[in-house]
Amino acid sequence: MRKPFIVGNWKMNLSLKEAVQLAGDIKSESAGVKNVDIGICPPFVFISSVYDVIKGSSVILGAQNVHDEDGGAFTGEVAGFMAKEAGCTYVIIGHSERRHVFGETDEFINRKLKKCVSIELAPIFCVGEKLEQREAGKTNDVIGEQLRNGLKDFTADAAGKLVIAYEPVWAIGTGKTATPDQANEVHAFIRDVLSTEFGAKVAGDMVIQYGGSVKPDNIKELLLQNDIDGALVGGASLKADSFLSMIKTADSL
Ligand code: PGA
């Protein structure tokens, strides 16, 4: 049985005061939630402050990115172990903004994923096609390649430590959500690829989140799909009431 996992990706948003307030509201208002795993990914500089707010609760802390090296001359970067020391148990890897705004390649993402698994910092590995790729009928080719390249040299055991997030690039921050059917079709394809690479048991147990303009009024239909096991939420995770309303919907399903 896969437990829904809903994660707020705060991206480069909020002040310190707002971040602490939001984390506090999520912690207190989600105390009775039993059927959903809840995560939040603040900007790096707020991670320790947010950790102090949520520690002792069931809210999970994640980073939005890490580097694959343990240290060295990498100005502006953060190593996985540092995120872990600051209280993170998860990290988003290969988000489309990292791929398309900051030029991260499948090969770099593969190195990061390996590093994270080796230090037990669980990756949320993002894949997703651009609009022109979807329109050209290449969605499965693109997703299959991102998965195989990102998970190159992974054992089934290591792959089983990951969460996958399917985030069509054209749906992120645009207000355009994939329909539940469109999303589920890709999720089922992802599970098929994982099953071929790592076996049906590992693939069947892996949580595959959907991301891209998820909000309170569309989360239910998405989560009711067979292969959609949660959500990676950007914009709608920045306000306590909308994030909590999605958590409560998921908890009730
Ligand atoms: P969005 O972002 O919910 O604002 O579309 C999702 C994401 O990028 O993870």
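When you check Ser252 against the structure, is it open to solvent by 70 Å² or more (accessible area, probe 1.4 Å), more than 17 Å from Ile92 (Cβ to Cβ) and not charged (D, E, K, R), yes or no?
So Ser252 fits the description; yes.
Looking only at residues in the stretch 20-79 that are part of a loop (DSSP other than H, G, I, E, B) and of a type in the set (A, V, I, L, M, F, W, C), which one is surrounded by the most Cβ atoms within 10 Å (Cβ to Cβ)?
So, considering only residues that are part of a loop (DSSP other than H, G, I, E, B) and of a type in the set (A, V, I, L, M, F, W, C), the one surrounded by the most Cβ atoms within 10 Å (Cβ to Cβ) is Val66.
Given the options Glu129, Glu167, name the one that is open to solvent by less than 40 Å² (accessible area, probe 1.4 Å), in contact with a strand residue (DSSP E or B) (Cβ under 6 Å, 6 or more places away or on another chain), under 23 Å from Thr196 (Cβ atoms) and within 16 Å of the ligand (Cβ to nearest atom).
Answer to the check: Glu167.
List the pairs whose first member sits in the stretch 92-112 and is touching a residue at least 60 places away in the same chain (Cβ under 8 Å), whose second member is part of a helix (DSSP H, G or I) and open to solvent by 20 Å² or more (accessible area, probe 1.4 Å), and whose Cβ atoms are under 7 Å apart, counting only residues at least 6 apart or on separate chains?
Ser96/Val169; His100/Val169
Can you find even one residue in the stretch 140-147 that is without any contact (Cβ under 8 Å) to a residue 12 or more places away in the chain, away from the ligand (no atom under 16 Å from the Cβ) and part of a helix (DSSP H, G or I)?
For the stretch 140-147, residues without any contact (Cβ under 8 Å) to a residue 12 or more places away in the chain, away from the ligand (no atom under 16 Å from the Cβ) and part of a helix (DSSP H, G or I): present.
Among the residues of the stretch 82-103, is any more than 14 Å from the ligand (Cβ to nearest atom), over 26 Å from Ile40 (Cβ atoms) and open to solvent by 60 Å² or more (accessible area, probe 1.4 Å)?
no
The values are calculated or read from the model by the stated rules, or taken from the named source; none is laboratory data. Just so it is clear, the structure is predicted and the values come from calculations on it, not from any experiment. Using ideal geometry, Cβ is built from the backbone for each residue, glycine included, and neighbour counts are taken over all protein chains shown. When the accessible area is computed, the model is the full protein with side chains, heavy atoms only, and any ligands, DNA or RNA have been set aside. Shrake-Rupley method; radii C 1.70, N 1.55, O 1.52, S 1.80 Å.
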